[in-house]
Amino acid sequence: MAMTHSSYGWKGLGSMVRRLSEQERSLLFAPKTWPFWRNNIMCFCVNNVLGHCLESLYCKVMDTCFGIIDEDYAIKFDPWYHPYWVYGLGGEAMTLIFEPIKESILGRHRTLCGAVLETYAIAVLAAMGMELGFGLLVNRPDEQGNYPYWDNSKLPLNIFKQAWLVNDLVIGTVAVAHIWLAYPLFCKGMSRLSERAANAAFAATVGVFAAACVSSYGRLIKDGHL
């Protein structure tokens, strides 16, 4: 009986995700409309802070397993509400990359699982490319071989001593959750609000995010970290 219930649960979740992706195209990718940009600006604000919180947890796990987090790494003294812009930008990049092609991805596969796996593979490759690209641009070692931001050079599965496959696999997982579940559900929820309520939610989100920026950067400047 437990097996049947579990199977039904996964099928129900799969049906819901597919239905959101197939039937709500006007909500998920409509760049000529204000609701689309309203939703994405709100997601950008939330992802900057949520990504910081997820990185904090991830770094604790990586430090425990590999001992790779330096004592002066910013995650250890940044306020939890301090925005990590890479996650907001990354979330938007994933939305703008995948939402226009999700319909064709679904069309190539008989099951949602196949579509999700293809999305995952593309997301991992995209994360790897971005991590490697940023690394080669801003994280070059000095004459003593010290890297200014991160050092993946001695880790197993590193890519040209800059990107790290473990990071990319985790980022791919988060991207899939965002693309197939979090973003569609958020857009669906916003669509049920009146225009006035949706705009009020937008104003509140942007206002709280702006306050978080002012407070966190002010604190970092006061403490001498900036």
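The values are calculated or read from the model by the stated rules, or taken from the named source; none is laboratory data. Computed from a prediction, not measured in an experiment: that's the story for all the values here. Quick reminder, even Gly has a Cβ in these numbers, built from the backbone with ideal geometry, and neighbours come from all protein chains shown. For accessibility, only protein heavy atoms count, side chains too; no ligands or nucleic acids. Shrake-Rupley method; radii C 1.70, N 1.55, O 1.52, S 1.80 Å.
Values for this structure:
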| read-out | value |
| --- | --- |
| Members of the stretch 158-173 found to be part of a helix (DSSP H, G or I), buried (at least 21 other Cβ atoms within 10 Å of the Cβ) and of a type in the set (A, V, I, L, M, F, W, C), listed by number | 171 |
| Near pairs, Cβ below 8 angstrom, 6+ apart or cross-chain, from the stretch 112-132 (over 14 Å from residue 170 (Cα atoms)) to any residue that is among the charged types (D, E, K, R) and part of a helix (DSSP H, G or I) | 112/18; 115/102 |
| Checking residue 57 against (1) in contact (Cβ under 8 Å) with a residue 12 or more places away in the chain; (2) over 26 Å from residue 29 (Cα atoms), the condition it does not meet | (1) |
| Pairs where the first residue, in the stretch 208-226, is over 19 Å from residue 45 (Cβ atoms) and the second is hydroxyl-bearing (Ser, Thr, Tyr) and in a helix (DSSP H, G or I), C-beta under 9 Å, 6+ apart | 226/217 |
| Failed condition for residue 196, given (1) at pLDDT 90 or above; (2) more than 23 Å from residue 77 (Cβ to Cβ); (3) open to solvent by less than 70 Å² (accessible area, probe 1.4 Å) | (3) |
| Inter-residue pairs, beta-carbon under 8 Å, first more than 25 Å from residue 218 (Cβ to Cβ) and in the stretch 65-80, second hydrophobic (A, V, I, L, M, F, W, C) and open to solvent by 60 Å² or more (accessible area, probe 1.4 Å), 6+ apart | none |
| Single condition residue 134 does not satisfy, out of (1) over 21 Å from residue 91 (Cα atoms); (2) among the aromatic types (Phe, Trp, Tyr); (3) open to solvent by 80 Å² or more (accessible area, probe 1.4 Å) | (1) |
| Selected residue (only one of 165, 226, 185, 220 is touching a strand residue (DSSP E or B) at 6+ places or on another chain (Cβ under 8 Å) and of a type in the set (A, V, I, L, M)) | 165 |
| Among (1) crowded, with 17+ Cβ neighbours inside 10 Å; (2) β-branched (Val, Ile, Thr); (3) modelled with pLDDT under 90 - the single one residue 49 does not satisfy | (3) |
| Residue list for the stretch 69-102, filter: of a type in the set (Lys, Arg) and either within 9 Å of the chain's Cα centre (by Cα) or crowded, with 18+ Cβ neighbours inside 10 Å (or both) | 102 |
| Any hit, the stretch 142-157, residues being surrounded by 13 or more Cβ atoms within 10 Å (Cβ to Cβ) and either part of a helix (DSSP H, G or I) or in contact with a helix residue (DSSP H, G or I) (Cβ under 6 Å, 6 or more places away or on another chain) (or both) | no |
| Hits in the stretch 60-118 (condition: β-branched (Val, Ile, Thr) and not in a loop (DSSP other than H, G, I, E, B)) | 61, 64, 75, 86, 95, 97, 101, 105, 116 |
| Out of 176, 206, sole residue that is within 16 Å of the chain's Cα centre (by Cα), modelled with pLDDT of 90 or more and surrounded by 14 or more Cβ atoms within 10 Å (Cβ to Cβ) | 176 |
